[in-house]
Ligand code: PGA
């Protein structure tokens, strides 16, 4: 059975001291608790090594929010997949809409990042999603299919089996405007059908597809109750334990 996952995306928030304090508080809150999902915190690069000392890797796991599309060398300011992995992190968010929109990340670039992440035993949390104009034009399926096809469909079935997907309608990110439960389910079912057509039902049914975009403690339960929604990628609500924990407990 595919995994349920709740992943926090801290984005560019928290100093090192604030981030380690948050990780400690979350780990303490989840230690010894029965939880029905994997919990991942995706912190800024500079937090990763410290956070790996704090989380137990079982009830709380660590991930990054990005990695470079090159192996190593003269790429000032970049952080490679191997460097991320060397901190003990196990996951990396790739293709977040903010990276696509503000830093020019294309599907072709993301394909390289995915390859390097997998080579370094990092699980990519690969983000896809349409902007408002595309949804209003009824093009959301087309857009999401293109992102998946160009970013991921060069992978073998075996490698694709290591991917986590996160559907994040861009119009719902940080806006307080969540997709309805029905809109989320409709898109997640479409994504899964797209995976069935490419890799077959066995791979598609094992792939966790997370929802992201203004997911919070009030809507998580309903969103996660959909058959094709396997958890959430949580931005704003991952920055405080009392906002994040109820989302974890929604499973
Ligand atoms: P949000 O962000 O929960 O603050 O809308 C989600 C994300 O961008 O991953």
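The values are calculated or read from the model by the stated rules, or taken from the named source; none is laboratory data. Keep in mind that what you see is a predicted model, and the values were worked out from it rather than measured. Don't worry about glycine lacking a Cβ; one is built from the backbone with ideal geometry, like all the others, and counts go over all protein chains shown.
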Residues of the range 230-242 being within 23 Å of residue 94 (Cβ to Cβ) and within 14 Å of the ligand (Cβ to nearest atom), in sequence order, are 231, 232, 233, 234, 235, 236, 237, 238, 239
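Okay, residues lined up against (1) modelled with pLDDT under 95; (2) touching a strand residue (DSSP E or B) at 6+ places or on another chain (Cβ under 9 Å); (3) in a helix (DSSP H, G or I); (4) away from the ligand (no atom under 11 Å from the Cβ):
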residue	(1), (2), (3), (4)
166	no, yes, no, no
194	no, no, yes, yes
205	no, no, yes, yes
216	no, yes, no, no
228	no, yes, no, yes
244	no, yes, yes, no
247	no, yes, yes, no
Review point. Does the range 109-123 contain any residue that is in contact with a strand residue (DSSP E or B) (Cβ under 9 Å, 6 or more places away or on another chain) and closer than 19 Å to residue 10 by Cα?
Key: yes
Tell me, yes or no, whether the range 96-119 has at least one residue that is within 16 Å of the ligand (Cβ to nearest atom) and closer than 21 Å to residue 205 by Cα. no
Flagged in the range 35-89 as within 14 Å of residue 123 (Cβ to Cβ) and surrounded by fewer than 15 Cβ atoms within 10 Å (Cβ to Cβ), in numbering order, are 57
Is it true that some residue in the range 176-188 is within 14 Å of the ligand (Cβ to nearest atom), at pLDDT 95 or above and surrounded by 14 or more Cβ atoms within 10 Å (Cβ to Cβ)? yes
* Asked: Does residue 95 qualify as being on the phi > 0 side of the Ramachandran plot, modelled with pLDDT of 95 or more and crowded, with 22+ Cβ neighbours inside 10 Å?
  -> yes
